[in-house]
1. Would you mind finding the one in 94, 133, 150, 160 that is within 17 Å of the chain's Cα centre (by Cα), of a type in the set (D, E, K, R) and either open to solvent by less than 20 Å² (accessible area, probe 1.4 Å) or within 30 Å of residue 183 (Cα to Cα) (or both)?
2. Would you mind stating whether residue 3 is of a type in the set (Asp, Glu) and assigned to a helix (DSSP H, G or I)?
3. Give just the number: which of (1) over 30 Å from residue 89 (Cβ atoms); (2) assigned to a strand (DSSP E or B); (3) not hydroxyl-bearing (Ser, Thr, Tyr) does residue 209 not satisfy?
4. I'd like to verify a number: residues in the stretch 32-41 that are open to solvent by less than 40 Å² (accessible area, probe 1.4 Å) and farther than 15 Å from residue 98 by Cβ, how many?
5. Can you report the number of residues in the stretch 240-283 which are outside any loop (DSSP other than H, G, I, E, B) and among the aliphatic types (A, V, I, L, M)?
6. Where the second residue is assigned to a helix (DSSP H, G or I) and open to solvent by 30 Å² or more (accessible area, probe 1.4 Å) and the first is within 21 Å of residue 33 (Cα to Cα) and lies in the stretch 168-188, which pairs have Cβ atoms under 9 Å and are six or more apart or on separate chains?
7. Quick check on this structure: which one of 60, 11, 77 is of a type outside the set (S, T, N, Q), modelled with pLDDT under 95 and open to solvent by 60 Å² or more (accessible area, probe 1.4 Å)?
8. Could you list, ordered by first residue, the pairs with Cβ atoms under 7 Å in which the first is in the stretch 271-283 and touching a residue at least 24 places away in the same chain (Cβ under 8 Å) and the second is in a helix (DSSP H, G or I) and open to solvent by 50 Å² or more (accessible area, probe 1.4 Å), at least 6 apart or interchain?
Amino acid sequence: EDDLKNFRQWESRTPGHPENFETPGVEVTTGPLGQGIANAVGLALAEKHLAARFNKPDNEIIDHYTYVILGDGCQMEGIANEACSLAGHWGLGKLIAFYDDNHISIDGDTEIAFTESVDKRFEGLGWHVIWVKNGNTGYDEIRAAIKEAKAVKDKPTLIKVTTTIGYGSPNKANSYSVHGSALGAKEVDATRKNLGWPYEPFHVPEDVKGHWSRHVPQGAALEAEWNAKFSAYEKNYKEEAAELKSIITGELPAGWEKALPTYTPESPADATRNLSQQNLNAL
């Protein structure tokens with residue numbers, strides 16, 4: 001509860017942009033627009049590459065999806081398009097991106113700068129595209145879209161979810177004033193009344209707590225299931241299991257530096273990009 005109260009405050013565990021090494025469970029630092037989707041493409045590629053390298057006909061030890069949420073600001077960035085172009089080219093079928101299509105950026109309505117058809121662009125990039133028209137309350141539509149996305153194995157999926165920014169706020173919804181600023185006490189109160197939410201600030205009703213808490217034993221069961229799967233994998237494929245373990249822990253193989261080429265002043269001159277390539281290939 002204290003973490004929620006400290007949202008976006010100095011030294012908080014709940015900053016606006018989480019940072020690696022600062023908050024448990026956060027693996028990458030994001031912030032610059034487009035970086036999150038680019039990270040997601042990298043993570044989805046890692047899944048596909050590890051699966052190709054380590055999965056066996058009797059034990060698919062790597063088998064997970066990568067989900068990401070991106071907004072209008074991310075869609076405007078060049079890096080987002082470049083990364084998504086690669087994702088389409090590679091056919092990363094286990095990458096599912098939710099595009100929060102609310103027509104608002106920090107500068108105002110997207111009408112001022114961004115009016116392209118994102119759907120058509122992603123189709124052109126080789127993605128499967130789904131549109132959820134009611135992202136505010138269309139939970140069943142969202143569930144159905146995820147199910148459809150998971151059924152498409154050969155392409156990444158963009159789920160365009162049309163929403164109202166600041167949904168429920170009577171005076172600030174659908175405006176850029178709610179994009180990066182707190183609503184303020186008066187508007188929070190008006191929003192509570194508008195949404196019919198009669199509870200005190202930060203109170204979590206029992207039925208909500210119960211609904212979310214069920215994920216704790218579910219998550220523990222899934223982890224135990226995977227650990228058992230890995231134990232079986234380890235028995236049958238000792239070498240691959242050891243290699244996969246070292247990748248997971250980030251431990252480099254003994255004597256890795258011996259694989260690097262050596263150079264002397266007598267070595268023939270070469271472009272630094274070629275020297276870099278030789279070292280990367282050796283690694």
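The values are calculated or read from the model by the stated rules, or taken from the named source; none is laboratory data. All of these numbers come straight from a predicted model, not from anything done at the bench. Cβ coordinates were reconstructed from backbone atoms using ideal geometry, including for glycine residues, and neighbour counts include every protein chain displayed. Ligands, DNA and RNA are stripped out before the accessible areas are found, and what is left, the full protein with its side chains, is counted by its heavy atoms. Shrake-Rupley method; radii C 1.70, N 1.55, O 1.52, S 1.80 Å.
1. Numbers: 94 fails: either open to solvent by less than 20 Å² (accessible area, probe 1.4 Å) or within 30 Å of residue 183 (Cα to Cα) (or both); 133 fails: within 17 Å of the chain's Cα centre (by Cα); 150 fails: either open to solvent by less than 20 Å² (accessible area, probe 1.4 Å) or within 30 Å of residue 183 (Cα to Cα) (or both).
Going through 94, 133, 150, 160 in turn, just one is within 17 Å of the chain's Cα centre (by Cα), of a type in the set (D, E, K, R) and either open to solvent by less than 20 Å² (accessible area, probe 1.4 Å) or within 30 Å of residue 183 (Cα to Cα) (or both): 160.
2. Numbers: of a type in the set (Asp, Glu): yes; assigned to a helix (DSSP H, G or I): yes.
It is true that residue 3 is of a type in the set (Asp, Glu) and assigned to a helix (DSSP H, G or I).
3. (2)
4. Of all residues in the stretch 32-41, those open to solvent by less than 40 Å² (accessible area, probe 1.4 Å) come to 34, 36-38, 40-41.
Add one more test, that the residue is farther than 15 Å from residue 98 by Cβ, and what stays is 34, 38.
Summing the residues that are open to solvent by less than 40 Å² (accessible area, probe 1.4 Å) and farther than 15 Å from residue 98 by Cβ in the stretch 32-41 gives 2.
5. 9
6. 182/188
7. Working: 60 fails: modelled with pLDDT under 95; 77 fails: modelled with pLDDT under 95.
Criteria check complete, one pass: 11.
8. The qualifying pairs are 283/259.
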